[in-house]
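Presented below is the structure to which this report refers.
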2 protein chains.
Amino acid sequence: MPRLIAVGDPADPGIEPYRDIRERDLAGRGGRFVIEGEVVLRAALTLGRFKVESVLLAENRVAALAGLLAGLPDDVPVHVAGRAVLDAVAGFPLHRGILAMGLRGTPEPAEGLIARLPRQALVVVLSAIANHDNIGGLFRNAAAFGADAVLMDEACCDPLYRKSIRVSAGAALVTPFARGGTAAELCDGLLARGFEVLATSPRGAERLGDILPGPRMAALFGAEGPGLPQALLDRLRTVRIDMAGGFDSLNVATTSGIVLHHLRR
Amino acid sequence: MPRLIAVGDPADPGIEPYRDIRERDLAGRGGRFVIEGEVVLRAALTLGRFKVESVLLAENRVAALAGLLAGLPDDVPVHVAGRAVLDAVAGFPLHRGILAMGLRGTPEPAEGLIARLPRQALVVVLSAIANHDNIGGLFRNAAAFGADAVLMDEACCDPLYRKSIRVSAGAALVTPFARGGTAAELCDGLLARGFEVLATSPRGAERLGDILPGPRMAALFGAEGPGLPQALLDRLRTVRIDMAGGFDSLNVATTSGIVLHHLRR
């Protein structure tokens, strides 16, 4: 069982990383990220790639979460506080009553991640996805369909932002990722390693249903609205999802679910 | 061209329905619903099933939206205001600078909607979807894959809530829907009219990929977490989406995208 540490004072220095969580999302928090809720903490502890540094828990949740807490390494402190203290520390009403801090560690560059992919692999490549809901949804689908990596260009937002992790249901802590460089560079890195790279676009040349997945597949997704840059579409195999006509508009995360479901069979 | 009406005073009675939009989401607004942003208004005007009652526009957007406004019927007033007046009326900063009011009209009961479906039809049935993001996402996919109707049980939330419409990219105004009764009643109504009803579940008996769509298909989706009631699963054909194992968790809207994409081919 982990150590339970009672917290009676919102100013307790032991829980400093949890202070004013919303405001600090924007400023970053020195190599840490926030885990919110039971579902995400469970994913972090069972499948996650990141070290969990500490947990902050409402008193009235301790009994119900005993099983989950039993899975924590002994050196991870579990701070326990009443609701009033908890809300005062976090800076907003913490309905789920459970927070944890994870450590980002040293990010792996895309080249290293690509170099160690298995012979049979599925990779998600993201260009300019700047919306935290969409990044979260994309990671959730990547994990659900067993993608081996998510590669993001430098214009993508942070998958370890609080909301991204929550929307991903914890998948952002599970699937290996790298962020940096341009989408063209990421695609070139994959092509050089024998990947087929499919660029998704409403005007793609091939129907998704006609694609026969090979052993090393990558699917590239761009932001809703602008989509992928034409220069990138011109040099890649392009694929489309046929819709009904009339109202042809899909969310990018949903698009990834449909594409990955097809490529995984 | 529609009538442009200058508004200089936030208290102008002509724009009463726009007052304090956020607070009134919860209380309802007397048969009206709110259209936000250019994408949704365009969907409402080109594909929508509801009458647009009026438009409220920021001065600095009039020129850019001239084409869209030209498509308005002559009897629809367009109120034009400066930013300060606009934000004061709406009660929050209105970044998109465009709002409109739609009229709900008389809701059609499910039986009537089912009775007039074409011989070849695809229907989405929703049970206890109480999250406005998910309802919006489900409608967006229903419209993209040409579903003929969305039937919601009485435990579903309102698809004409402001956020639902926005997340649906306007699809909630396009695809015919009915809300009321139980999911079992809705399914029985469809079965009686020769529909095959597929209940989606992570433990479904058949793989989605093995389903050969017939002429009249319906897909039933339940809330994330609890899923569909066992009593309903016991009496319907059940279908699952195979995932990778490990992290088996899909958002319900994404699930609908994958299922409808398969049923529409």
Work out from phi, with θ = phi - 60° and the Karplus expression 6.51 cos²θ - 1.76 cosθ + 1.60, the ³J(HN,Hα) of each residue of the range B:160-176, listed in order in whole Hz, and give x for Gly and Pro. 9, 5, 3, 6, 4, 4, 5, 5, 6, 6, x, 4, 5, 8, 9, 7, x
Show me, for the range A:145-154, the HN-Hα J-couplings you get by feeding each phi into the Karplus relation (A = 6.51, B = -1.76, C = 1.60, θ = phi - 60°), rounded to Hz, glycine and proline as x. 9, x, 4, 7, 6, 10, 10, 10, 6, 5
Between the alpha carbon centres of the range B:21-92 and the range A:1-80 the gap in Å comes to 44
From the Cα centre of the range A:162-192 to that of the range B:94-159, the distance in Å is 33
Packing-based exposure ordering (other Cβ within 10 Å, fewest first) of B:V89, B:V76: B:V76, B:V89
Which of the three applies to the protein assembly as shown, rounded, prolate or oblate, going by the alpha-carbon gyration tensor with a ≥ b ≥ c and a/c under 1.5 meaning rounded? rounded
5 angstrom amide H check on A:V80, placed H, neighbours 5+ away: A:I5, A:A6, A:V7, A:L57
Can you list the lysines whose alpha carbon sits under 30 Å from that of B:K163, skipping same-chain ones fewer than 8 residues off? A:K163, B:K51
Given H placed on each backbone N at 1.01 Å, which residues far from B:F177 in sequence or on other chains put an amide H within less than 5 Å of it? B:V150
Which of these, B:D188, B:D87, B:D234, has the largest mean-square fluctuation under a Gaussian network model of chain B (Cα springs below 10 Å)? B:D234
Can you compute 3J(HN,Hα) from phi for each residue in the range A:40-53, using the Karplus curve 6.51 cos²θ - 1.76 cosθ + 1.60 with θ = phi - 60°, rounded to whole Hz and x for Gly and Pro? 5, 5, 4, 4, 4, 7, 9, 10, x, 9, 10, 6, 8, 8
Counting other beta carbons within 10 Å of each residue's own, what order do A:S256, B:S164 fall into, fewest first? B:S164, A:S256
Collect residues whose amide H, placed 1.01 Å from N in the peptide plane, falls under 5 Å from the amide H of B:G146; neighbours closer than 5 in sequence don't count. A:A244
Compute, for the range B:4-103, the length of the dipole vector about the Cα centre, with Cβ point charges of +1 (Lys, Arg) and -1 (Asp, Glu) only. Units Debye, rounded to 20. 320
Per-residue ellipticity at 222 nm for chain A, helices alone: DSSP H runs ≥ 4 residues times -39500 (n - 2.57), over residue total, nearest 500 deg cm²/dmol? -8500 deg cm²/dmol
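No lab work stands behind these numbers, since they all come straight from the coordinates. These figures come from a predicted structure and were not determined experimentally. All Cβ positions, glycine included, derive from the backbone under ideal geometry; neighbour counts span all protein chains shown.
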